[in-house]
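Note sheet for the following structure.
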Amino acid sequence: MERSPSHAKLDGRGEEPTAQATYEMDERYDPKTIEPKWQQDWERTNLYLTREEPGRPKFYVLEMFPYPSGAGLSVGHLHNYVPCDVVGRYKRMAGFNVLHAMGWDAFGLPAENEALLKQSHPTETVPRYAANFKHQLKISGCAYDWTREINSSSPEYYKWTQWFFLMLYKRGLAYRALGSQWWCDQCRTILANEQVVNGCCWRHTNTPVSKKDLEQWYIRITAYADRLLEDLDSIDWPEPIKLMQRNWIGRSEGAELAFPVTGHPGKEVRFFTTRPDTVFGVSFMVLAPEHPLVAEITTAENRAAVERYVSEARRQSEIERMSTVKEKTGVFTGAYARNLFTNKDIPIWIADYVLMGYGTGAIMAAPGQDQRDYEFARQYGLEIPRVTAPQDGSTPPDERAFTELGVAINSGFLNGMKTADAIKAVCRYAEDKKIGKPTISYRIRDWLISRQRYWGSPIPMIYCKGACGIVPVPDEQLPVRLPTMKEYQPSGTGRSPLANVPEFVNTTCPKCGGPAERETDTLDGFACSSWYFLRFASPHEDKVPFDRKAVDYWLPVDLYVGGAEHAVMHLLYARMWTKVMYDAGMIGFKEPFPVLRNQGMVWAADGQKMSKSKGNVVTPDAMIEKYGADALRLWELFMGPFDEPTNWNEDGVAGTERYLGRVWTMVRRYVGAGAPEGNPNAETLKRAHKTIRTVTDHIERLRFNTAVATMMDQLNYLARLKPEEAGRFAIESYVLMLAPMAPHACEEMWRALGHGTSIHLEPWPRFDPELTREETVTVVVQVNGKVRDRLEIAVGTAEDEVRAMALASENVKKHLGGKEPRKVIYVPDKLLSIVA
RNA sequence: GCCCGGGUGGCGAAAUCGGUAGACGCAAGGGACUUAAAAUCCCUCGGGGGCAACCCCAUGCCGGUUCGAGUCCGGCCCCGGGCACCA
């Protein structure tokens, strides 16, 4: 912060304040008249258009763009938007070019489902709901550049979503595959793995998902797994979110090995293990029930049992399969594999605790060293060899697997090696003998992006009936427009409603001109949100998805704020697309959101989730009607820490409205006294400067609740002073600091203070560090750890002097009881601790 | 079960480089103004004791380190969130 003389006008910009107020302030603070007036004025004067003034740094503040639902915004949503608005307004005053825009995440299942429920059409409901959201944001005084409004369901936008899909395809990152996929009966569509929560659909937490085999489009996010993991270290995100991404990616190092199936020449069981050092302890193998090898190797006498088990496992929903403390179950296939390390034949079982989707869908079972294998071996009476011993020479426990690291025993050439060395030795051996190699395995799977639903961006692909196969729609034919359909209900058969529109489906092959059919699935809504943050930089660009220069200027996002519920879906996909664009040379940064914060959830007053069905939703409209937007905004900020959850309490809004009324009264008195320059004393000056320092710091650190508290504290001080005692600097800097938080009231007061231009164009007040310095401080005197006195001393008083003062204190003497101090600790200007 | 957060007055919360616990506000009580009410303003407000000066107790519980612990360490309890056989 630069120094500035306290008495001079605040900055060279704007007019010299006139002594005569040009505005009459009403006696009572009345938000109902002030707020609409200024909202209209700001709009008329284009106050919040994005500026790119040279010589100023840029700041891009972004909230996760909302799906505009029919329920409208609640006061909970504003707990995200208001703080971001304050940051945007503050940064603008602090000399930044600010980009703050809003758009609608309008494609996707929620919009479609809601329209179906209301027996309406999303092309009608989406604009209507979005208009309502926009209205609510406007009456809340949020300063967005509405000329940059975007809508992911408009052809101008989804043209580029399709374009990005094609780019991924051309880079080998989009592919079609047949797979057994999660299906939600309520959504009537396929879900990505991330969208399955506790075996249920993420939107319908009471609807267990089931599996369906369908040919689908996938995005090869696994190709970026390592980079998505590594780059987490370079970004400033809440640690829990990073951790969730790390866990989701689930990197583990180990080896992939293969054992031949006895009696089936050429057939082998390939498997991944993180503990290759335990191979000598492998006494059986387990395949996932869905493993393709199962049908080939199962012996005649075991076939019936195996088939029964497989069909049962397939029928089980995920929720059953994951149910807690389930006993291990499995069936022997009758086949054996050769453990190439022990040269023994070991039985091959199938069991549902081995998942087809992870690793190779097969494991080597080392029951002595793995608890799950141990339980399985116990259950079926299989051998449990011990091949790792504790490092300290103690005996390993008998009643469980010894899973810790240690020293290899009963392990041929590994004997005596520490686990880490043994792992390396096995890898080397496996590579020499060509039976395996070191491998890294990931939990993350590719992103399934197809949806069998109407309300989404059509996937721009064509299937040639001739010889061309799958052909991407040429860029110049984009967008593939979503046809208007009256009846767009999902069929439930697994086919998209678009399949029922022959004019859409039937087309010609872009390559050979012969007959062809279009892909009828639509893109997952998360495709839209994987690049929208780029679009705000040049929202009307129609030749390319974004203007490179605009993106180079504005991106990456300086502050991204949204709910923690997007920890692994949206935030992972958006990061991946960004990296792909970086690789394609389209952008110059690898991470879209270097700084992320999660706003805390606002629960209803009853502690429950705000929902229409519970009838506990509080709307900003109602609060604004009752208390005004500025009071609502202040309470959103003051309620509690911005990133922590809290319960709604309407009484608080009444409190902040009362506060604004007191500010109003103070300014009105000051204006009424002729807005004097004043003659503030040192204390008043110091308080004014310290308030600027503290409030600035708190806003920078997103500590809005304490910023408001500091403002209230300062009001309590200033309100007791006569206008000339307060003086112009204290009053005007106060109103300026309040302006981002209570923009309407402050605009009104600013004009009344004699300024002809908007307060929101004014520079942020500066403080003089020299004037914030304290001359005296309170030093706490402790005797045996308890506070016994407080001393007012001059800053920097010598220890001897402080000690003498302390020892002279009656209360200190009393508690010393005549004893000599054994030890004295002095923390300069803070505390003197006497041990007797 | 494992991994993250978090437990401070009647309530929302401040204070975390170890140094005055409860700033700021809400609610409550008392008072002023008013014919009255609303609004506004003033006072009190963690618990206990004392006329007072002051004293004792108190940041989920138990222990530890320290001159000094809401803050650090160990063990537990409760609440919220995430993951859930990942080989």
Legend entry - Residue count for the range A:256-277, restricted to those that are of a type in the set (D, E, K, R) and either open to solvent by less than 10 Å² (accessible area, probe 1.4 Å) or within 39 Å of the chain's Cα centre (by Cα) (or both): 4
Legend entry - Residue list for the range A:783-795, filter: within 9 Å of RNA strand B (Cβ to nearest atom) and open to solvent by less than 40 Å² (accessible area, probe 1.4 Å): A:VAL783
Legend entry - Selection count, the range A:411-439, where residues are assigned to a helix (DSSP H, G or I) and either out of contact with any Ser or Thr (no Cβ under 8 Å at 6 or more places or on another chain) or surrounded by fewer than 18 Cβ atoms within 10 Å (Cβ to Cβ) (or both): 15
Legend entry - Failed criterion for A:VAL568 (all others in (1) open to solvent by 10 Å² or more (accessible area, probe 1.4 Å); (2) β-branched (Val, Ile, Thr); (3) in a loop (DSSP other than H, G, I, E, B); (4) away from RNA strand B (no atom under 15 Å from the Cβ) hold): (4)
Legend entry - Filtered residue count, the range A:796-836, keeping only those that are outside any loop (DSSP other than H, G, I, E, B) and away from RNA strand B (no atom under 14 Å from the Cβ): 6
Legend entry - Residue tally, condition over 30 Å from A:LEU178 (Cβ atoms) and either surrounded by fewer than 17 Cβ atoms within 10 Å (Cβ to Cβ) or among the hydrophobic types (A, V, I, L, M, F, W, C) (or both), over the range A:341-364: 5
Legend entry - Residue under evaluation A:THR205, criteria (1) assigned by TED's automatic domain parsing to the domain that holds A:ILE462; (2) open to solvent by 60 Å² or more (accessible area, probe 1.4 Å); (3) away from RNA strand B (no atom under 16 Å from the Cβ), criterion not met: (3)
Inset, instruction - Give the number of residues within the range A:220-240 that are open to solvent by 80 Å² or more (accessible area, probe 1.4 Å), within 20 Å of A:ARG597 (Cβ to Cβ) and more than 9 Å from RNA strand B (Cβ to nearest atom). - result: 2
Inset, instruction - Considering only the range A:362-375, state which residues are assigned to a loop (DSSP other than H, G, I, E, B) and within 7 Å of RNA strand B (Cβ to nearest atom). - result: A:ASP370
Inset, instruction - Kindly indicate which of A:ARG693, A:ARG658, A:ARG687, A:ARG662 is assigned by TED's automatic domain parsing to the domain that holds A:GLY640 and closer than 30 Å to A:VAL595 by Cβ. - result: A:ARG693
Inset, instruction - Take the residues in the range A:218-240 that are assigned to a helix (DSSP H, G or I) and of a type in the set (A, V, I, L, M), then tell me which one is nearest to A:ASN193 (Cα to Cα). - result: A:ILE221
Inset, instruction - Go over the candidates A:VAL471, A:VAL480, A:VAL557 one by one and state the one that is more than 28 Å from A:GLN216 (Cβ to Cβ) and either within 16 Å of RNA strand B (Cβ to nearest atom) or in contact with a strand residue (DSSP E or B) (Cβ under 9 Å, 6 or more places away or on another chain) (or both). - result: A:VAL557
Inset, instruction - Look at the range A:658-684 and say how many of its residues are near RNA strand B (Cβ under 10 Å from one of its atoms) and not hydrophobic (A, V, I, L, M, F, W, C). - result: 5
Inset, instruction - Being more than 8 Å from RNA strand B (Cβ to nearest atom) and assigned to a strand (DSSP E or B) is the filter here, so list the residues in the range A:241-275 that pass it. - result: A:GLU253, A:ALA255, A:GLU256, A:LEU257, A:ALA258, A:PHE259, A:PRO260, A:VAL261, A:GLU268, A:VAL269, A:ARG270
Legend entry - Members of the range A:487-502 found to be of a type in the set (A, V, I, L, M) and either modelled with pLDDT under 85 or not in a helix (DSSP H, G or I) (or both), listed by number: A:VAL501
Inset, instruction - Can you tell me which residue among A:TRP163, A:TRP182 is assigned to a helix (DSSP H, G or I) and either open to solvent by 50 Å² or more (accessible area, probe 1.4 Å) or within 16 Å of RNA strand B (Cβ to nearest atom) (or both)? - result: A:TRP163
Inset, instruction - Can you tell me which residue among A:ARG338, A:ARG378 is among the charged types (D, E, K, R) and either open to solvent by less than 80 Å² (accessible area, probe 1.4 Å) or closer than 20 Å to A:THR298 by Cβ (or both)? - result: A:ARG338
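The values are calculated or read from the model by the stated rules, or taken from the named source; none is laboratory data. Just so it is clear, the structure is predicted and the values come from calculations on it, not from any experiment. Every residue, glycine among them, receives a Cβ derived from its backbone with ideal geometry; neighbour counts consider all protein chains shown. When the accessible area is computed, the model is the full protein with side chains, heavy atoms only, and any ligands, DNA or RNA have been set aside. Shrake-Rupley method; radii C 1.70, N 1.55, O 1.52, S 1.80 Å.
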